[in-house]
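K.L.:
Let me begin by handing over the structure; questions about it come next.
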Amino acid sequence: MFFHPPKDVQTTVFATLPDELKTADATNEWVRFQPAGGPPSSLLEGPSFDEDGNLWCVDLPNGRIYRITPDGTFHVVTQYDGWPNGLKFHKDGRVFIADHKHGIMVLDPVNGKVEPYLVRANLERFKAVNDLFFAANGDLYFTDQGLTGLHDPTGRLFRVAPDGRVSCLLDNVPSPNGLVMNLDESMIYLAVTRGNCVWRVPLLADGGVAKVGVFVQLSGGWGGPDGLALDAEGRLFIAHVGMGSVWVVDRFGEPVYRIRSCAAMHTTNLAFGGPEGRSLFITESGSATILKAELDVPGKPMFSHQP
């Protein structure tokens with residue numbers, strides 16, 4: 001990917017999942033049908049901050065949602081019969097979950113109740129949704145990954161308008177994963193895990209897409225790009241599973257720096273937080289930890305924090 005290695009930024013451990021919550025084993029259906037090499041007892045994903053500065057994340061095989069207070073303590077918000085994979089806050093306070101088993105779910109953060117929001121596109125079931133993102137206008141974008149890859153490039157990218165209209169924007173993606181929009185929201189950056197790259201997905205005036213291309217081509221690792229985030233200058237942060245790294249590129253795709261895991265190599269996703277939004281929090285599932293890196297530019301405000 002890079003001809004000249006970018007400078008390194010180091011991480012520290014912010015929080016570690018207690019051993020008593022690492023309960024998935026070989027009898028777990030999710031664990032049983034995944035390729036070898038993944039975390040065996042838990043899988044932290046979907047980090048997102050609430051208005052009070054608490055970090056929320058999911059634990060996929062265990063069907064749990066965690067709230068992590070600023071002191072690094074894990075609290076179980078709920079555990080349910082599902083495989084939560086991605087999590088984002090709506091600005092009305094609801095928690096939206098991309099659930100690999102069921103579809104798009106909604107969590108009430110007060111009582112912990114999880115209910116279906118979208119379990120099929122029109123009459124068609126999803127392959128298995130992965131991650132989600134809210135645009136400034138309230139449009140919800142999400143990826144439908146399933147077990148797609150280079151052998152089966154049929155993963156999909158969907159949009160749900162605030163009025164409930166569902167549109168399939170792409171249906172030819174080899175393992176669509178994390179997603180984020182650029183600063184003016186004229187384009188979507190889409191992690192294509194099994195292609196080891198990030199696509200750029202330009203949006204047309206009528207809401208469709210055209211001239212989709214590769215924005216960054218990665219290499220190495222045993223997984224590929226997973227979660228994505230954007231900072232206030234439009235720089236793209238790419239969590240690379242199997243490399244133990246977050247790659248940072250500017251809006252032209254030029255390398256800025258590399259954030260290295262101080263733990264294991266399963267860097268799945270990331271979110272900006274902290275008092276000034278200059279801290280990057282990274283879910284590292286191999287060690288079941290949340291990593292933290294201090295940066296020079298804050299993250300782009302999310303939909304949940306917009307007026």
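K.L.:
Starting with the fewest neighbours, write out Ser167, Ser261, Ser41, Ser219 ranked by other beta-carbon atoms found within 10 Å of each beta-carbon. Intermediate results must be reported in sequence, preceding the final value.
P.N.:
Values: Ser167 15, Ser261 24, Ser41 18, Ser219 11.
So the ranking, lowest neighbour count to highest, is Ser219, Ser167, Ser41, Ser261.
K.L.:
Moving on to the next point. Calculate one ³J(HN,Hα) per residue across the stretch 37-45 by plugging θ = phi - 60° into the Karplus curve 6.51 cos²θ - 1.76 cosθ + 1.60, and present them in order as whole Hz with x for glycine and proline.
P.N.:
These are the phi-based 3J(HN,Hα) values: x, x, x, x, 10, 6, 8, 7, 7 Hz.
K.L.:
Once you sort the root eigenvalues of the Cα gyration tensor of the chain as a ≥ b ≥ c, which label holds: rounded (a/c under 1.5), prolate (a/b larger than b/c) or oblate (the other case)? Walk me through the numbers before you get to the answer.
P.N.:
Numbers: a/c = 1.19, a/b = 1.03, b/c = 1.16.
It comes out rounded by the Cα gyration axes.
K.L.:
Cβ neighbours within 10 Å, averaged per peptide: list 264-277, 12-25, 233-246 in order, most packed at the top. Display every interim value, and only then the final one.
P.N.:
Details: 264-277: 21.2, 12-25: 14.9, 233-246: 23.1.
Averaged packing, sorted descending, gives the order 233-246, 264-277, 12-25.
K.L.:
Right, next: Neighbour counts of other C-beta atoms within 10 Å: give me Trp222, Trp247 arranged from fewest to most.
P.N.:
So the residues, fewest neighbours to most, are Trp222, Trp247.
K.L.:
Something else now. Tell me what the chain gives for mean residue ellipticity at 222 nm when only DSSP H runs of n ≥ 4 count, each as -39,500 (n - 2.57), the sum divided by the residue total, rounded to 500 deg cm²/dmol.
P.N.:
Working: 1 runs with 4 residues, N = 307.
Calculated from helices alone, the mean residue ellipticity at 222 nm is 0 deg cm²/dmol.
K.L.:
Lys and Arg at +1, Asp and Glu at -1: add these up for the other residues within a Cβ distance under 13 Å of Asp92 and post the number.
P.N.:
Working: positive: Lys88, Lys91, Arg94; negative: Asp50, Glu51, Asp108.
Cβ neighbours under 13 Å give a net charge of 0.
K.L.:
As I understand it, the dipole of the stretch 131-223 uses +1 on the Cβ of Lys and Arg and -1 on the Cβ of Asp and Glu, about the Cα centre. Which of Leu204, Leu218, Met181 lies farthest toward its positive end?
P.N.:
Leu218
K.L.:
Could I ask something else about it? Write out the GluC sites (Glu not before Pro) in the stretch 23-62 meeting two conditions: DSSP loop, and at most 14 other Cβ atoms within 10 Å of their Cβ. Write out the running numbers ahead of the final one.
P.N.:
Working: sites: Glu29, Glu45, Glu51; in loops: Glu51.
Loop-located and lightly packed - Glu51.
K.L.:
Out of residues 5 or more away from Tyr117 or on other chains, whose amide H comes under 5 Å of its own, with H placed 1.01 Å from N in the peptide plane?
P.N.:
The list, which skips near neighbours in sequence, is Ile104, Met105, Val106.
K.L.:
³J(HN,Hα) across the stretch 70-76 via Karplus (A = 6.51, B = -1.76, C = 1.60, θ = phi - 60°), whole Hz, x for Gly/Pro?
P.N.:
Once θ is set to phi - 60°, the couplings for the stretch 70-76 become x, 8, x, 8, 7, 10, 7 Hz.
K.L.:
Can you grab the distance from the C-alpha centre of the stretch 5-55 to the C-alpha centre of the stretch 168-242, Å, no decimals?
P.N.:
Answer, in whole Å: 22.
K.L.:
Could you put Tyr141, Tyr117 in order, starting from the residue whose Cβ has the fewest other Cβ atoms within 10 Å? Could you put the intermediate results ahead of the total?
P.N.:
Details: Tyr141 22, Tyr117 18.
Least to most surrounded, the residues fall as Tyr117, Tyr141.
K.L.:
Count the net charge of all other residues whose Cβ sits under 15 Å from the Cβ of Thr69, scoring Lys and Arg as +1 and Asp and Glu as -1.
P.N.:
Values: positive: Arg67, Lys292; negative: Asp50, Glu51, Asp52, Asp71.
The answer is -2.
None of the figures in this text is laboratory data; all of them are computed from the coordinates on show. Remember, predicted model here, so these are calculated numbers, not experimental data. For neighbour counting, all protein chains shown are included, and Cβ atoms are generated from backbone atoms with ideal geometry for every residue, glycine included.
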